[in-house]
Amino acid sequence: MPETRVLRVNPTEPEKEVIAEAAAVIRSGGLVAFPTETVYGLGADALNEAAVRRIFEVKGRPPDNPLIVHIADRDSVYLLASEVPPAAEELISRFWPGPLTLVLKRTELVPAVTCGGLETVAVRMPAHPVALELIRESGVPIAAPSANLSGSPSPTTAEHVLRDLGGKIEVVLDGGPTEIGVESTVIDLTVEPPELLRPGGLPLEEVERVLGSVRVPESARGLAAFTGRPRSPGMKYRHYAPRCRLIVVEGDPEPVRRKVAELVLDLRAQGMRVGVLALDGADYPGAEVVDLGPRSDLKKVARSLFTAIRKLDERGVDVILAEGVEESGLGLAIMNRLRKASGGEFIRA
Ligand code: AMP
Ligand code: MG
């Protein structure tokens, strides 16, 4: 495999010749990483089994963890899904293009490998000119999980993609940092009531305004490993994790701050280098601090989350302490990512 070509692309008005070059790679069964409004995706022709298999291979992704299929117009959902209930149509008309993925019954057109062997397909229309133009020019739906190694923090820049997948894929379209910074919200519409499989860039409250109540399993809050027969196999695996340990400290801002300060001292006394994912500009002497932003601006916190985790990991800290946020709005997605990155180490202050 030759080295990965990095093609710079204008994120708002993608250059036609750049898109054409990347689309040719998709059509010939190759892999192209591209920006979406959530994170960078690792794309292949969703209808080409061999191409899709390579996605699993290069990411080291377990074959039973299905991919999201990306489309460039709302009507393409009818090619991929055999049933599109009225609730789905309502969500589609309100939120596509955007960070909302719908799980529906799949048609014969979609290969089983793309869906991890399930009878359902996850579909979304991304709100990013580069992603949309790439899908249109390729002329096929594009299967794209996040463009990172399985288990590591999701990529929000082309540099992150190269660090994980450089030399293993044909092309990275570099359209700068992504806007939302966490993945899409995934809703399963094949069950009644509908179920939140993964909180993400579209707040659950917005979805509930359309659907009424949505079931939120503990796994969607990052609280429990999924047991029983997984409908979203992604739930089984540790995700978003740095190499170092990560501990989430949850609760009200003041007690959280005191607890984190106390832990910084304890861990340093044990000879460890400590990093902190801080909120509201909190300072922790003796620790490497990255401020994610104010609690009142969770968009900013979500946008900086994965970059900050990678940064602290690269600085070589032994442990990262993360201040928790409230689980409303984008806070649900942020807490899901932090708890999963911690592998179960979350404590209440
Ligand atoms: P990623 O591709 O890394 O953004 O992850 C996609 C998420 O969507 C994972 O949690 C998958 O398990 C989930 N997913 C994709 N397809 C399906 C499906 N057919 N049924 C349930 N969950 C799905
Ligand atoms: Mg992922």
> Quick one: if you stick a label point 7 Å off each Cα along the C-beta vector at E90 and T107, how many nm between them?
Replying inline: 2.5
>> Under the 0.36 nm per residue contour assumption, what length would be gained going from the current alpha-carbon distance of S213 and R74 to full extension?
In response: 47.6 nm
>> Students often get this wrong, so check it: of K168/K299; K16/K300; K299/K340; K16/K105; K105/K168, which have C-alpha atoms separated by over 28 Å?
In response: K168/K299; K16/K300; K16/K105; K105/K168
> Amide H neighbours of V319 under 5 Å, counting only residues 5+ apart in sequence or on other chains, H built in-plane at 1.01 Å?
Replying inline: R273, G275
>> Check which residues have an amide H placed less than 5 Å from L189's amide H, if you skip close sequence neighbours.
In response: V103
> Tell me, what ³J(HN,Hα) does each residue in region 239-244 have, in order and in whole Hz, if you take phi through Karplus 6.51 cos²θ - 1.76 cosθ + 1.60 with θ = phi - 60° and put x for Gly and Pro?
Replying inline: 9, 6, 8, x, 5, 7
>> Per 0.36 nm of contour for each residue apart, how much would the distance between V191 and R53 grow if the chain were fully extended, relative to their Cα-Cα spacing?
In response: 46.9 nm
>> Give me the one-decimal nm value for the distance between modelled label points at A282 and S296, 7 Å along each residue's Cα-to-Cβ direction.
In response: 1.8
> Under 18 Å from the 7 Å Cα→Cβ point of E206, by amide nitrogen: which residues of region 30-65?
Replying inline: 36-40
> What angle, in degrees between 0 and 90 and rounded to the nearest 10, separates the Cα long axis of helix 16-27 from the longest principal axis of the Cα atoms of the chain?
Replying inline: 80
> Measuring from the lowest to the highest alpha carbon on each principal axis, how far does region 43-119 reach, largest first, in angstroms?
Replying inline: 36, 23, 17
> Binned at 10 Å from 0, what are the whole-percent values of the Cα-Cα distance distribution for the chain, short to long?
Replying inline: 6, 26, 34, 23, 9, 2
> Relative to a virtual label point 7 Å from the Cα of M272 in the Cα→beta-carbon direction, which members of region 322-349 show backbone nitrogen distances below 18 Å?
Replying inline: 322-324, 338-349
> Relative to the longest principal Cα axis of the chain, at what angle does helix 331-342 sit, 0 to 90 degrees, rounded to 10?
Replying inline: 70
>> Over the chain, what is the relative contact order in percent, taking alpha-carbon pairs closer than 8 angstrom and at least six residues apart?
In response: 19
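Would you order D266, D297 from fewest to most other beta-carbon atoms within 10 Å of each residue's own beta-carbon? Mind dumping the intermediate values first?
Values: D266 11, D297 14.
Ranked by crowding around the Cβ, least crowded first: D266, D297.
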> In sequence order, what are the phi-derived ³J(HN,Hα) couplings for region 39-48 according to the Karplus relation 6.51 cos²θ - 1.76 cosθ + 1.60 with θ = phi - 60°, rounded to whole Hz, with x for glycine and proline?
Replying inline: 9, 6, x, 10, x, 8, 4, 5, 9, 9
> How far apart, in nm, are two points set 7 Å out from the Cα along the Cα-to-Cβ line at E254 and at R348?
Replying inline: 1.8
>> Using each residue's phi in region 94-107, evaluate 6.51 cos²θ - 1.76 cosθ + 1.60 at θ = phi - 60° and report the 3J(HN,Hα) Karplus result to the nearest Hz, with x for Gly and Pro.
In response: 7, 10, 9, x, x, x, 10, 10, 10, 9, 9, 5, 8, 8
> Check L31: other-chain or 5+ apart residues with amide H under 5 Å from its amide H, H built from backbone geometry?
Replying inline: E170, V171
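The numbers here are math on the coordinates, done by the rules we state, and not lab data. All of these numbers come straight from a predicted model, not from anything done at the bench. Here Cβ is always computed from backbone atoms with ideal geometry, including for glycine, and neighbour counts include all displayed protein chains.
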